[in-house]
Amino acid sequence: MNPTQAPRHPSFQDYQDISWTNSAYRSLLSAVVATSAIAAPLAVMQTITAWRLGYLLPMAFAAALEGVYSTLQLGRPRWRDRRGLAFRLGEIALWLVLARAAVWAFATGWPGLVELARWLRDPILFFDGQFVVTGVLFLLAWGLSIGLTGDFLDLALRPDEVAAHDSHEWGDSRSQLRVYYPVSRGAIVNRLAARWIWGGLLVVFCAAVSRVEISTSPRFTQIGLSQLGLPREILAALLCYFVAGLLLMSQARLAVLRSQWYNGDLQVPPTLLRRWPLNSLLTVLLVVAIAALLPIGSTGWLATALETVLAFLMRVAYLVLTVLTFLFTLLLYPLSFLFRQPGAQAPPPPPRMEIPTQQQAVSRLPDWLGGALLWVVLVLIGGYFLLNYLSAHGLLSGRWREWLQQLRFWWRARWAGLRAHAHTAAVTLRKRLQSARLTRLEVLGGRHIRLSALAPAERIRYFYLRAIGRAADRGLTRPPHKTPLEFIPDLVSEWPEADVDVKALTDAFVAARYDRRPIVADEARDVQGVFRRVMAALRGKADLTADGRKADRTPRVEKAL
């Protein structure tokens, strides 16, 4: 007897339905359906405009293939950290940039300096009609391919189904992954069919619009078909869209049957799964061949009936639109009497246009500054999402990655330097403002200043500066090389009776000038009493007048103190 084989630990590869998700056949069909969906709108645009749009279909097919590839990659476990809005926005930014470059390269030509200057002043001119149409069609093909691929990823076998089916090979386990949760694949197929049908309605509608001709006459407007023969581009779009869509629906049906066989533990021959795409392709081609034999043309009775029905429907729609416009006009007409003012007067004359002076004209900002700021913001945001997308795909490895890291470090260093310079400039400006305010107090001398309007710290500064100014008037000026504390001995030697008050006033000034703690109103009130005693001591040695009396040179603000 052979020894019993020990149960092995499964890897994540055992839980993935790789054989289904890596099918190039379904990826190609999804890209063909997405590209065919925009072929009919493209043909309509070519009939009503003179744009050169021959480049659009190949690039739309490339956008659809990229959407299929990115969706398949995001469905893998190792790409779990890259699933998010930033990744998809990077894809959108990439295809918008390619759409703009394609319009310049194949249609309008590359812009010059005149166009660049015009876009700076008016950024909306950058988004011309051809670029908007090209970008919308690119994103439409890309979005449809993403939706189709996501539906087929949901139709694949789930990890819980694989674990529940193969648990006997791996041994018993209490993992919740071994519990099978039924998947409603019928709802997923219905969602896929709804997406395909709505896209088909768009293709059919564009095919019908391309054949509508509107002719006007003095008596009535005639709407009908210009001809029944469709252009080859639209015929190819219709054929490719519906054939590829039917093949995708057959693949969706295969996914439902495959899951039922797998969960029911039914053995299915591998040849059945391999021959399913070929058999479905032959069946659809047989249906197409039979449909091609139908008498669709200007000589068949079906063509005449179709022309009559379409012309009748278009006339009915035109009549309904005319009636609704007439009724809406009748509804709004009585409202004009409610807003009409009695005795309508002549409108006031327009305001006089003021011509700015030369100084005002120079001080105005340039007209291109707003557009330049907008473009800088758009480039930064789009560049961030684009770099995130390229980094997720691993396209920025090697030298590109090193260069981006060096650029990132360089920007961080420049940003830190700018912040340091801004902080230094702010500190310098704050000191200059404080010095200018102090100088203003020195220049004014405080003779006509209201003390109640000053802050407590500024009030103390005023008291000291006013006392120093009175001492200078008495012949004792503080030298520039001496600090307030070094000037105390000079004041005490001249007025020894006020030595305590002079020291107290100087200490209060130093605290208000250089200390960071807030000064309260009570401290300023106490310093005001010291200031009065110092000023009284200074007035004690005032000069005498001619009649022997002391000259009263006390300013008005000192009398009020």
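No value in this document is a laboratory result; all are computed from the given coordinates. These numbers come from a predicted model, not from an experiment. All Cβ positions, even for glycine, are placed from backbone atoms using ideal geometry, and neighbour counts span all protein chains on display.
Here are a few things to note about the model shown:
- Rounded to the nearest Hz, the phi-derived 3J(HN,Hα) couplings of the range 37-42 under the Karplus curve 6.51 cos²θ - 1.76 cosθ + 1.60 (θ = phi - 60°) are 5, 9, 5, 5, x, 5, where x marks glycine and proline.
- Using θ = phi - 60° and Karplus 6.51 cos²θ - 1.76 cosθ + 1.60, couplings along the range 187-193 (whole Hz; Gly, Pro as x): 5, 5, 5, 5, 5, 4, 5
- Highest average packing first - 130-136, 141-147, 281-287, Cβ atoms within 10 Å: 141-147, 130-136, 281-287
- At R0 = 45 Å, FRET efficiency that the Cβ-Cβ distance of L418 and A107 yields, to 0.05: 0.60
- Highest mean packing first, where packing is the average number of other Cβ atoms within 10 Å per residue, the peptides 195-206, 48-59 line up as 195-206, 48-59.
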